[in-house]
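Chemist: If you scroll down you'll find the structure; I have some questions about it.
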Amino acid sequence: MRKVVRDAIAAVRDAGGTNVRVSEGGRHTRIHFTGPDGKRSLVLLHRGSVVSRWFPTQVRSQIRRKLAT
């Protein structure tokens, strides 16, 4: 999960996002960030034991969609 979070933070920064914060709960990890337009966003990552190999790709896609709007 740490690698997925690191990759997600890198994806946010590569897409022009700033002010990245990570908060961890019992079942989810939240990545808070600010987009290039100043809009604050959140990505919620499930911390389950069953994570497919496509999970990092899905997270990057979700971040791109949030930063594009």
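The values are calculated or read from the model by the stated rules, or taken from the named source; none is laboratory data. From a predicted model like this one, the values you see are computed outputs, not experimental measurements. Note that each Cβ is placed from the backbone with ideal geometry, even for glycine, and that neighbours are counted across all protein chains shown. To get the accessible areas, we keep the full protein, side chains included, count just its heavy atoms, and leave off ligands, DNA and RNA. Shrake-Rupley method; radii C 1.70, N 1.55, O 1.52, S 1.80 Å.
Chemist: From Cα pairs below 8 angstrom and at least 6 apart in sequence, can you work out the relative contact order of the chain, rounded to a whole percent?
Modeler: 29
Chemist: How far is helix 2-14 tilted, in degrees, relative to the longest principal axis of the Cα atoms in the chain, given as a value from 0 to 90 rounded to the nearest 10?
Modeler: 10
Chemist: To the nearest 20 Debye, how big is the dipole of the chain about its Cα centre, given +1 on the beta carbon of each Lys and Arg and -1 on that of each Asp and Glu?
Modeler: It comes to approximately 120 debye.
Chemist: If you rank F33, F55 by how much accessible surface each has, with a 1.4 Å probe, what is the order from largest down?
Modeler: In descending accessible area the options line up as F55, F33.
Chemist: How far, in degrees from 0 to 90, does helix 55-68 lean away from the longest principal axis of the Cα atoms of the chain, to the nearest 10?
Modeler: Orientation of helix 55-68: about 20 degrees from the principal axis.
Chemist: Could I ask something else about it? Computed FRET efficiency, Cβ-Cβ of H46 and D14, R0 30 Å: what is it to the nearest 0.05?
Modeler: 0.85
Chemist: Test of understanding: extend the Cα→C-beta vector of R65 to 7 Å, then name every residue of segment 30-46 with backbone N under 14 Å from that spot.
Modeler: Residues 42-45 qualify, since their backbone N sits under 14 Å from the label point.
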